[in-house]
Amino acid sequence: MSGLVKISPLSQENYYTQELSKHYQSVSQFKNFMECEARTMAELSGEFTRESTTAMLIGSYVDAWFEGTLEAFKAEHPEIFLKNGGLKADFVQAETIIQRISADANFMQYMSGEKQVIFTGTIENVPFKGKLDSYHAGRCIVDLKVMRDFEPVWKHGRKQHFIEAWGYDIQGAVYQELVYQKTGEKLPFIICAVTKEKVPDLEIMEIPQERLDECLALVIEKAPDFQKIKTGEVMPERCGKCDFCKATKKLSGVIDYRKLMPDLYKSMNQNQNPDQNQPVSVAEIVDIPEIPEFSEIPEKKHKKHKKHKKSKKRRKIVIKI
Ligand SMILES: [Zn+2]
């Protein structure tokens with residue numbers, strides 16, 4: 001890949017730089033492409049950035065503690081402190097989370113591997129990079145997740161396990177593959193998860209090999225397509241739903257309102273046992289003639305309408321202040 005371009009070797013310092021993100025795919029970039037190709041490309045070019053939220057910062061705070069870089073993290077994020085120098089409530093909660101996981105010997109053991117180990121490799125000729133939270137060479141790959149709770153997540157119109165909804169299974173598949181390519185060992189992928197709830201819950205979960213295999217198959221199928229978008233061979237598609245797509249949307253005219261939610265009408269047409277408690281729509285999506293541009297809509301010219309228009313013109317509107 002990129003035979004003529006010299007790529008700097010990956011390090012902790014340059015891991016997240018634009019140069020390397022343009023060269024390598026990562027799990028988060030792959031997941032971003034799955035969500036919206038256009039937004040991912042805009043992020044790669046620096047045209048669009050997503051703000052980091054307090055919720056994300058809490059996770060980073062706990063990550064930094066595990067890495068032993070909490071002091072540097074605090075120095076980089078003065079916004080986590082109150083004026084009196086104390087931590088804001090959200091980060092007091094991060095301290096509670098740290099205390100809770102510190103008290104669990106099993107959790108701590110899984111998290112005690114080598115920290116932030118970088119692996120690179122290629123999947124279907126696409127260069128990939130990965131940074132492992134806790135790597136136990138020859139034993140297992142562990143990733144830390146600090147999450148809202150352990151409830152299912154509503155995504156793409158259905159309830160999903162949070163592991164699948166957030167693509168932690170895809171992450172496991174890629175990390176396992178990168179480690180395998182370097183070491184010849186296929187290691188279990190473990191998630192050490194803790195919640196941000198007032199009383200944090202915690203769990204150590206393994207993603208079974210069959211799920212990792214399915215997810216690797218998905219990466220093998222999709223990553224080359226995303227790479228073609230990155231190299232400019234293929235135009236990125238817009239999801240139409242994300243903040244980037246909303247912010248850059250250009251209206252081309254009038255649409256049949258049902259086309260805003262075609263799935264609703266698709267299921268009606270397929271007559272899939274409609275809910276008895278819902279009003280039954282007789283509407284079906286039919287191909288209505290293209291709606292003309294606003295300027296092309298003919299003005300109705302019957303008498304009554306004209307008269308009404310005239311009287312409207314004569315009326316003076318006074319706005320009282
Ligand atoms: Zn989008």
Fill in: Fewest-first ranking of 8, 60, 26, 295, using other Cβ atoms within 10 Å as the exposure measure
295, 8, 60, 26
Worksheet item: What ranking do 238, 50 get, fewest neighbouring Cβ atoms within 10 angstrom at the top?
Response: 50, 238
Worksheet entry | Rg/Rh (Cα only; Kirkwood hydrodynamic radius) as it applies to segment 116-174 | 1.05
Worksheet item: Based on the Cβ-Cβ distance from residue 8 to residue 102, what FRET efficiency comes out when R0 is 30 Å, to the nearest 0.05?
Response: 0.25
Discussion item. For a 29 Å ceiling on Cα separation, which of these pairs sit above it: 88/249; 22/241; 129/155?
Written reply: 88/249
Worksheet item: How much FRET efficiency would the formula 1/(1 + (r/R0)^6) give for residue 234 and residue 50, where r is the Cβ-Cβ distance and R0 is 22 Å, rounded to 0.05?
Response: 0.40
Item to complete: Can you put 135, 257, 180 in order of Cβ neighbours within 10 angstrom, beginning with the fewest?
Response: 257, 180, 135
Worksheet, complete the sentence: Note, segment 240-247: 3J(HN,Hα) by Karplus (6.51, -1.76, 1.60, θ = phi - 60°), whole Hz, Gly/Pro = x, goes x, 10, 7, 4, 5, 5, 5, 5
Worksheet item: What does the highest-first list of 215-221, 98-104, 247-253 look like by mean Cβ count within 10 Å?
Response: 215-221, 98-104, 247-253
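Laboratory data are not the source of any read-out in this text; all were calculated from the coordinates shown. In this text the structure is predicted, and so the values were computed from the model without any measurement. Neighbour counts run over all protein chains shown; Cβ positions are idealised from the backbone, glycine included.
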